[in-house]
Structures are given as structure tokens and as C-alpha cells.
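To start, the structure itself, in C-alpha cells.
The values are calculated or read from the model by the stated rules, or taken from the named source; none is laboratory data. The shown structure was predicted, so the numbers you read here are calculated from the model rather than taken from an experiment. With ideal geometry, Cβ positions are generated from the backbone for all residues, glycine too; neighbour counts draw on all protein chains shown.
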Amino acid sequence: MKYIVTINDKSYEVEVEKGQASIVRTTQAAAVPVQNEIQAPPAASEVKPANTSNPQAAPASGEPLRAPMPGTIVAVSVQPGNKVKQGDVLFIMEAMKMESEIVAPRDGLVSEIMVTKGTSVSTGDILLTLQ
């Protein structure tokens, strides 16, 4: 049987027969285009309050801090209204059985927290907004 496997943007055509595999051909994988769409802001009557249970919801105001990787939030070290300095630990995230500190990228004021302890997040999900 032949399979095509993509690893690190390289495609490998692999032939497997009774417990033995051999690479038949290697090619550069096609890049997946990223689409950046700019949408007009909603009318005032369409604005809905932020839902703190949905980490993908848009922040009310301020600069969003996004999850750098998929994982689970195991600790939240700040509350809305807290002043933070660059490098302060905001969250502890578990990813691949390792705990990582998510730190403040700059000085600011925490305006809204979008996740709680135990929340599973994906790469790019908004964790909090910083003013």
C-alpha cells in the first residue's frame, strides 16, 4: 500500500508491505494560504456582551493576549483590574504534560479575562485583554 505523509512541510510517498516501509518519493508540500479577512465592526445594536466561557470570543477592549499553543489552563494569577508589568506571570498552562508560564508581554491593566482554571484552549484563543 502507498501512503503520502506530510511532515514539516515535506511530503513523503511511503510504500508499506508486511511490516516493511520504504520511501518512494519526497516532495515539498504546498503551502496553505492564510486568509486574513477584515470585517466591518458590528452596529451598536448588534454588539453582544462578552462570554467569559468562550475563549474565542472577541475582547471588549484592549490588546488581546492569545494562547501560544493548545493546552489547559491550570492556574490564573490575575484578576480584572490588576496592574501588571512586562514578564509578570498571568497564567500557568499545561501542554503535552509540561507546565508553561504565560507572561505579560508589556506593562498594562488587565481589562477582561476570557478563561478560567480548567479551560482547554487552542492556539490563538484569547486568554485576556490588556489595556
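Residues in the stretch 83-108 that are part of a strand (DSSP E or B) and in contact (Cβ under 8 Å) with a residue 40 or more places away in the chain: 84, 108. Residue 129 meets all of the listed conditions (1) more than 30 Å from residue 5 (Cβ to Cβ); (2) at pLDDT below 90 but one, namely (2). Filtering the stretch 101-119 to residues that are of a type in the set (Gly, Ala, Ser) and under 10 Å from residue 72 (Cα atoms) leaves only 118.
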